[in-house]
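The values are calculated or read from the model by the stated rules, or taken from the named source; none is laboratory data. For clarity, every value in this text was computed on a predicted model and none was experimentally measured. Cβ sites come from the backbone with ideal geometry, for glycine too, and all protein chains shown count toward neighbours.
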Amino acid sequence: MGQCVRIAVLLFFGMAVSACASLDVLTPDTNAIDATAAEARQLRKLAYLHHQKHQFRRAIDVYSKAIALESDHAKTYYNRGTAYVKLKQFDKAIADFGRAIELKPDSAAAYNNRGIAYRNKFDFERAIADYNRAIELKGKYPNAYFNLGNAYRKKGDIGKAIESYKSAIRIKPDFARAHGLLGIMHALQRDFPKALVSLDHALKLDPKLTFARKFRQRIIKQVIKTMGQEARDRESPQTLKT
């Protein structure tokens with residue numbers, strides 16, 4: 001009888017030990033975690049230095065190593081995405097900006113940059129959607145309005161391009177490129193006086209804005225040609241009916 005009691009007690013405590021074992025909490029090695037995080041930070045800094053020197057392939061390689069250590073760092077995906085854009089690897093850029101958005105859904109910059117990648121793939125609808133989302137998130141975002149104007153311009157919607165460039169200028173009055181492209185849009189609508197005003201303003205802000213200077217010269221030539229034709233038409237003798 002005593003032997004049975006001892007067996008019962010052993011079995012009871014054995015079950016108890018097994019049950020308790022399933023409730024154990026593993027303690028992570030915080031030193032290892034800190035070391036990994038520190039290494040990832042150093043890699044991000046190194047990648048950024050390569051990025052600033054326009055060494056985009058090297059930057060991507062180092063960003064990738066940082067991501068291997070910390071796969072939930074939104075800014076690393078974002079920065080690698082911008083490097084991919086510079087190398088015209090737009091599909092990879094879109095994937096990275098998408099991951100950055102997953103990790104940080106309120107990143108207006110990630111939406112804006114993904115829009116740039118989509119526009120370069122001639123996917124204007126997705127580009128426009130991303131620019132609009134960036135504007136919703138940030139509000140006064142002149143770069144997103146400017147990029148939105150570019151997408152509408154490429155799409156052939158001159159009216160919406162004009163409104164977008166105007167919105168960028170309202171937020172950032174010294175936005176030379178926006179003034180320049182606004183002038184070109186006015187020229188395409190044959191509104192040469194407005195075109196010249198915008199182009200002159202762009203060149204006043206940035207005298208090195210080559211596209212604005214060249215287009216202004218084209219407009220002047222066109223205006224002179226038109227005026228000359230109108231003058232010749234006025235001077236042409238009229239034939240009288242007999």
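Candidates R133, R126, R99, R119: the one that is of a type in the set (D, E, K, R), at pLDDT 95 or above and under 23 Å from I67 (Cβ atoms) is R99. The residues on offer are R170, R126, and the sole one that is surrounded by fewer than 18 Cβ atoms within 10 Å (Cβ to Cβ) and closer than 12 Å to N112 by Cα is R126. Would it be correct to say that Y84 is over 19 Å from D123 (Cβ atoms) and part of a helix (DSSP H, G or I)? Criteria not met by Y84.
So which residues in the range 166-207 are among the acidic types (D, E) and over 18 Å from N147 (Cβ atoms), if there are any at all? Those that are among the acidic types (D, E) and over 18 Å from N147 (Cβ atoms): D191, D200, D206. In the set (1) closer than 20 Å to A161 by Cα; (2) modelled with pLDDT under 90; (3) aliphatic (A, V, I, L, M), L209 fails one condition alone, (2).
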